[in-house]
Structure formats: structure tokens, C-alpha cells
Amino acid sequence: MIESFRWYGPNDAVSLRDIRQAGAVNIVSALHHVPNGEVWEIEEIKAHQKLIEAAGLQWGVVESVPIHEDIKQRVGNFQHYINNYKQTLKNLASCGIHTVCYNFMPVLDWTRTHLYKTLGDGSTALAFQIDAMCAFDLCILKRAQAKEEYTPDEVDAAEKYFDSLDAAAIDELTKSIIAGLPGAEEGYTLDQFNQRIQAYKHLSKQDLQQHLILFLQELVPTLEAVDLRMCIHPDDPPQSLFGIPRVVSTAEDLDVFFSAVPSVYNGLTFCTGSFGVRADNDLDAMFSKHASRIHFLHFRSTQRDGNGNFYEANHLEGDVDMFSMVKAALNEEATRKKSGRPDWAIPMRPDHGHQMLDDLNKLTNPGYSAIGRLRGLAEIRGLALAISRTL
Ligand code: DNO
């Protein structure tokens, strides 16, 4: 596995030097300043790349080139945005970057209700609490159809939860959900958010699935021509939110998507933390079924409570069997190596991390402080070394 670390660019509180000291060799990054839908120009890509290379690192993976909402809904200027997307991919490949992670989650990228849940050891973790999510939807956003979509018990629990919040807590919950987590590229006011959601009212899950398939079908000739691997990130959390469909949450979703667009360039970011939130996702089976198209690994673990809530656990704890995931990744690499695949080594980054030690006193991107991720990387590195000796 190619040990990788995400870097949000020159304004990231975690520097490239920090990342190098964590032992990572590969940078996962994006041009966050380019507005969603515009072409990433070669000069801009090269300028970013130069910063990374000057620190003795490589920019191996883009996470993400975001997908414009018009493409997801196939409305308005979607064809123009698809053309721009292709041009961005060509530009990236011409600069030597051949792996691009993206997602197809409508309106929101990844979502949490709590960004600083205090754990027993005093570190903090990202968390998702279903009552808080429903309370936001019903009592803060006041989405028109929300009441009919929840059970009476859920409405009751959400209202109780809402009553327990003071103004500051309401504000914090709102910001956590709609202000845009790092990398999400877009944040909203309540009104904008409501409008964006309403735009999906007439789209079914099958529609969204079809839009994703049509988008990838159109990209594949470009991907094959410039040897660039796309790898879709699963929905996080892997379930519908705000009554809008999501199409990359389950084993069945993957089967539908990959059988419609079988090119190996249509790949997957295997995010153990996202898939692992659902008890009905068999991670081993999903990994082995789609192993040859896994172009990027996000390793982290979550802890479910059986009632729809979860928090992010230490990398080797929680519900994800990290031993099994690392072993599967190393086995896949060996298979590829044997068959002569030049892309046999798979970039892997420790995803998220607890805020801990010195980082508790710093302002960092939620989930992306240095020390928690360094701990995750070190643990996974050790696990990988031990497993590789037995293969
Ligand atoms: C969160 C990330 C996601 C991911 C995008 C990929 O920590 O894993 O924001 O980058 O969904 O497009």
C-alpha cells in the first residue's frame, strides 16, 4: 500500500513537513479554490504539485474533483460541466496524476451531527446521532415533507432532543450539518439548503443511479485514453438523508453501478468507515467482489450502537475488522503484481482521526488533525508489516 495523507493545501494547519514526518510518501489533495464545475487549468495543477514536490512528496491522488449538482440532476448546463470535467481529467493526467476520487452524494458530501464528541480518554471524535439529525430536519430546517417521512417515535425523540438545545447548541448543530465539512466544497444557509433539497423532489433512486451511470459511461473513453482511474467514494453515512436518494451505500448499489459500467477505470474508493456504518454491509464480500477496481483505500473504523448512531473509533477498534481489510488489500496487491498490473500498489490513507494530545488546543479541520491520523497510519503500517510477513 502506498502510505498517503490528505492535505488541504497551503492553509491546512497540518503542513507537508508534518505529513512527511508521519512517514507518508503520497499526498491526497485537490484545488479547493477552484469553483465547482470549472476546469482545473494545467498551470494551477502544476503550481500545487510543485509545493508538494518541494517537500519531498508526490501528489498521487486527487480527492476530489467535485461533481456539479447539474450533472447529478441532469438539468441545466450538465453537458457543459461534463465537458469541463473531462478537460480537468485530461489536464491532471498530463501532469502525471492518474487517480481521482469523487462522490455522487446529492447536495451534501459527508455529514456528521457532532464534530467533537469527547471520548473516555479525553480525545474527541466525529459522530452521527440520529435524534440530532431528525431534530435538525424537523425543527430547524422545517423541511416540508419531513414529518411524513419519520415514524411517530422518531418525531417524538427528535422533538425531545430539540427541546434540550439552547441557541448556541442549535447553531452548532446547524453548522455541523450544512456549513460544509472539510473537502465538501459547498456550504449553505438554511434557505439555500432547503432549495437544493427541493430540487431532488422529483428524482427517484433509479433516476440518480441512471445519472451516475450516464456520467461514467461518458467519461470512460477519456479515462481509457489518458489512463486515469476514477474511484467513487461511498455515501457517508450510507443512507438517505433529508428524503433524498443516495446510490453508493450498499453491496447492491455497487453491483448495479459496476455492472452497468464495467471498465476497470470506473473504480472504487474502498472507505471502510463509510461502508462499515451499515451492519448489513459485508465488507469482506464487497471488497473481494470489486477488488480489481479498488484504486484507493480509506481506512478507518466506526462504532455503531444498533440504533442508527455511530462515532468514529480508533483505527483498530470499532466495528471494522481492520486486520481483515489490510489482509484483503495486501492480497489484492499480490494478485495484481503477479498479473503484471502497473497499478498494483494501492494508495491508502488513514481516514479521519481523533483530535488528541497537542491538537486538542489547535484549530484544525474536523477529523483531519495531525496526531490522530498519524496514530492511525502508524497502527495500520504495523498491522500491514506483520501481515505481509505471513503472506
Ligand atoms: C471525508 C471524505 C469525503 C470524501 C469525498 C470524496 O472525510 O472522505 O469528503 O473526500 O466524499 O468525494
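Of all GluC sites (Glu not before Pro) in the range 285-362, which ones are in loop regions per DSSP and have a Cβ with at most 16 other Cβ atoms within 10 Å?
Loop-located and lightly packed - Glu317.
Just in the range 213-299: which trypsin sites (Lys or Arg not before Pro) are loop by DSSP and have at most 11 other Cβ atoms within 10 Å?
Loop-located and lightly packed - none at all.
How much length is gained if the chain between Ala179 and Gln206 is pulled fully straight, taking 0.36 nm per residue apart and subtracting their Cα-Cα distance, in nm to one decimal?
Extra length from Ala179 to Gln206 when fully extended: 6.9 nm.
Of Ser263, Thr189, Leu31, which is farthest towards the positive pole of the chain's charge dipole, taken about the Cα centre with +1 and -1 on the beta-carbons of Lys, Arg and Asp, Glu respectively?
The Cα lying farthest towards the positive end belongs to Ser263.
Considering only Gly180, Thr222, Ala125, whose Cα is most displaced toward the positive end of the charge dipole of the chain, charges sitting on Cβ of Lys, Arg (+1) and Asp, Glu (-1)?
Positive-end residue among those listed: Thr222.
Over the chain, with a single point scatterer placed on each C-alpha, what log10 of the ratio I(q)/I(0) does the Debye formula yield at q = 0.08 1/Å?
Log10 I(q)/I(0), no solvent term: -0.40.
Please give the length that would be gained between Tyr116 and Lys337 if that part of the chain were fully extended, namely 0.36 nm times their separation in residues minus their C-alpha to C-alpha distance (nm, one decimal).
75.4 nm
Mind telling me which of Leu89, Leu212, Leu51 comes out most flexible in a GNM of the chain, alpha-carbon contacts under 10 Å?
Highest fluctuation of the listed residues: Leu51.
To the nearest 20 debye, what charge dipole does the chain have about its Cα centre, counting +1 at the Cβ of each Lys and Arg and -1 at the Cβ of each Asp and Glu?
Computed charge dipole of the chain: roughly 1280 debye.
Keeping the other protein chains in place, figure out the carbon and sulfur percent of the accessible area of the range 164-310, with a 1.4 Å probe.
That fraction is 49 percent.
Report, to the nearest whole %, how much of the accessible area of the range 335-391 belongs to carbon and sulfur atoms, 1.4 Å probe, protein only.
C and S atoms contribute 60 percent here.
Report, in debye and to the nearest 20, how large the dipole of the range 114-195 comes out about its Cα centre when Lys and Arg carry +1 and Asp and Glu carry -1 on their Cβ.
Once rounded to the nearest 20, the dipole reads 140 debye.
Among the listed pairs Lys46/Lys362; Lys50/Lys86; Lys72/Lys201, give every one whose C-alpha distance is greater than 20 Å.
Details: Lys46/Lys362 30 Å; Lys50/Lys86 23 Å; Lys72/Lys201 13 Å.
Beyond 20 Å: Lys46/Lys362; Lys50/Lys86.
Write down the percent of antiparallel bridges among all DSSP beta bridges whose residues are both part of the chain, to the nearest 5.
About 30 percent, rounded to the nearest 5.
Rolling a 1.4 angstrom probe over the protein heavy atoms, how many square angstrom per residue are accessible across the chain?
Counting only protein heavy atoms, the per-residue value for the chain is 41 Å².
List the trypsin sites (Lys or Arg not before Pro) within the range 150-205 that DSSP assigns to loop and that have no more than 10 neighbouring Cβ atoms inside 10 Å.
Answer by residue number: Lys201.
Taking the chain as a Gaussian network, where each spring joins two C-alpha atoms under 10 Å apart, which residue of Glu379, Glu172, Glu43 fluctuates the most?
Glu43
Over the chain, with a Gaussian network built from C-alpha contacts below 10 Å, which listed residue (Ser274, Ser204, Ser369) shows the highest mean-square fluctuation?
Ser204
Under the classification rounded if a/c is under 1.5, otherwise prolate if a/b is larger than b/c and oblate if not, where does the range 114-195 fall, given a ≥ b ≥ c as square roots of the Cα gyration tensor eigenvalues?
Cα axes put the range 114-195 in the oblate bin.
For the charge dipole of the chain, defined by +1 on Lys and Arg C-beta atoms and -1 on Asp and Glu C-beta atoms about the Cα centroid, which residue among Ser369, Cys231, Ala251 has the Cα displaced farthest towards the positive pole?
Cys231
The values are calculated or read from the model by the stated rules, or taken from the named source; none is laboratory data. The structure displayed is predicted, hence computed values, not measured ones. Glycine also receives a Cβ, built like all others from the backbone with ideal geometry; neighbour counts cover every protein chain displayed. Accessible surface is based on the protein model in full, side chains and every heavy atom, while ligands, DNA and RNA are left aside. Shrake-Rupley method; radii C 1.70, N 1.55, O 1.52, S 1.80 Å.
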